[in-house]
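The values are calculated or read from the model by the stated rules, or taken from the named source; none is laboratory data. Source: prediction; values computed, not measured. Cβ coordinates were reconstructed from backbone atoms using ideal geometry, including for glycine residues, and neighbour counts include every protein chain displayed. Areas reflect the complete protein model, heavy atoms only, side chains present, ligands, DNA and RNA absent. Shrake-Rupley method; radii C 1.70, N 1.55, O 1.52, S 1.80 Å.
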Amino acid sequence: MNYLIILLATISFNYKTNKSKVVSENTASSADTVSQVWKNYNDTTIEKLKAGFYLAIPDTSNSVGYKLHNKKEYYFLGTTPAVTLNEIDSVYIEFNSQINRYTLVFKFNGIATKKWFDFTTKYNGMKVALVLKEEIFHVATIASPISSGETVLTNAPTKNEVDEFKDIIEKEMKKLRE
């Protein structure tokens, strides 16, 4: 007779808010994220946000977390980026004929490729935020583990928006490397 054993583990995360505090939550998939976060609130000052990719948990109250650039969405962020802009070798624009739109492609260095694969494997199905200039510029859902060393952002509606986004990223990368 075969038995299926399912093990459940409690996951603990720290989240940053725009009020410069670190907050803890016992689970990242709670339907009532904000109340769980406030229940476990710690009054600890945090450093400013580094540019990079962070785990992002929606703030269902749309009032406490970091605001998504030009949208009325808010997110709590992991305390450290999974990959920083310093770990990105290049950013380029590519036209994807399958979705009939321009995409922005990030090419990671060797260390970041491994980190990104581990991160996207662990948090598959969850959200990831791209932070630039201490602000969330993009949020996407991790569709599957990414082992190729490249990540593609696909939701910009126009070529001009992709161009502008690429310029912002390249300026941030240049500033970090000076």
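Accessible area of ILE99, 1.4 Å probe, to the nearest 10 Å²? It works out to around 80 Å². For segment 156-178, backbone nitrogen atoms closer than 15 Å to the point 7 Å from ASN70 Cα along Cα-to-C-beta are found at 156-169. Semi-axes of the equivalent ellipsoid of segment 71-171 are 20, 16, 15 Å, computed as sqrt(5λ) over the eigenvalues of the C-alpha gyration tensor in descending order. In order along segment 165-177, the Karplus-derived 3J(HN,Hα) couplings, from 6.51 cos²θ - 1.76 cosθ + 1.60 at θ = phi - 60°, round to 4, 4, 4, 4, 5, 5, 5, 5, 4, 5, 4, 5, 8 Hz, and Gly and Pro are given as x. Modelled spin-label separation between VAL152 and LYS48, with each label point placed 7 Å from Cα along the Cα-to-Cβ direction: 3.5 nm.
Restricting things to alpha carbons, find the Rg to Rh ratio for segment 117-178 using the Kirkwood radius for Rh.
Rounded to two decimals, Rg over Rh is 1.00.
If you average the alpha carbon positions of segment 71-98 and of segment 116-178, how far apart do those two centres end up, in angstrom? With segment 71-98 and segment 116-178 each reduced to a Cα centre, they are spaced 1 Å. In this structure, LEU176 and GLN98 have a Cβ-Cβ separation that, at R0 = 45 Å, corresponds to a calculated FRET efficiency of about 0.85.
Here segment 100-120 is scanned for amide nitrogen atoms under 17 Å from the site 7 Å beyond the Cα of ASP163 along Cα-to-Cβ, giving 101-105.
Filter the cross-link list LYS133/LYS159; LYS71/LYS114; LYS71/LYS174; LYS67/LYS133; LYS122/LYS166 down to pairs whose alpha-carbon distance in this structure exceeds 20 Å.
Numbers: LYS133/LYS159 22 Å; LYS71/LYS114 32 Å; LYS71/LYS174 27 Å; LYS67/LYS133 13 Å; LYS122/LYS166 27 Å.
Correct reply: LYS133/LYS159; LYS71/LYS114; LYS71/LYS174; LYS122/LYS166.
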